[in-house]
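Notes follow once the structure below has been shown.
Derivation of every value follows stated rules applied to the coordinates shown; laboratory data play no part. These numbers were taken from a predicted model, which means no experiment stands behind them. Because the Cβ atoms are built from the backbone with ideal geometry, glycine has one as well, and the counts that use them run over all protein chains shown.
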Amino acid sequence: MNNVIVHNAVRFVALLILQLFFMDQINFLGYINPMVYIFFVLLFPLENNRWGFLLLAFLLGIIMDTFQDTGGAHAVATVTLAFMRPLLLKLVYGQGYLTKNLKIIQSPLDRFLLLLLLAIVVHHVLLFALVIFNTSQILYILKLTLSIGIASYIMITILFLLFSKRKEQ
């Protein structure tokens, strides 16, 4: 049990450092910064305390808000993603999720990519809608969601491939 806690604490801190000190400095085309910190929400163990998980998601989001001065938008988007994760897992993995045997880091690549796509859409649409908070800017919100979502999708996929435990065939 302690190994799981330490492993998740290291993952939490490592993804925060990666996000804050590396990904936020990219500014590709002047505005594209991949958001890899949501990878923590996807990889958090399924059998752990749900309230503790939501609290960690809030802490992750509020730290991002502090550094990016977004007034709570990251916290809301991250907690919403954490709250919706069981629904997304049931949608993507079906009965495998219900049996609690699922380890996302060891799941097939196609299932993970679908889960990642759904998570990015949920997180980014809500985040940018809250940051911009103007209904006349819907096309701009969608542009940000698409461009930053693609960058996030690519970077998280690279991280998944680097750290997943694949069986040798």
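Descriptive notes on the structure:
- Spatial offset of the range 1-32 relative to the range 39-88 amounts to 13 Å, using the alpha carbon center of each.
- A Cβ-based charge dipole, computed about the Cα centre of the chain with Lys and Arg at +1 and Asp and Glu at -1, lands at about 560 debye.
- Taking the C-alpha atoms only, the angle from helix 2-21 to the longest principal axis of the chain is near 20 degrees.
- For the range 2-163, the convex hull spanned by the alpha carbon atoms encloses 113 Å³ per residue.
- Only Cα pairs under 8 Å and 6+ residues apart enter the sum, and on that basis the relative contact order of the chain stands at 24 percent.
- Using alpha-carbon coordinates, inclination of helix 109-132 to the longest axis of the chain, degrees: 30
- Pairwise FRET efficiency - VAL13 versus ILE150, Cβ, R0 = 35 Å, nearest 0.05: 0.85
- Positive end of the dipole of the chain (Cβ unit charges, origin at the Cα centre): among VAL6, TYR140, MET23, the Cα lying farthest that way belongs to VAL6.
- Neighbour counting of Cβ atoms within 10 Å sorts the residues VAL92, VAL36, fewest neighbours leading, into VAL36, VAL92.
- Degrees, to the nearest 10: 138-163 long Cα axis against longest axis of the chain: 30
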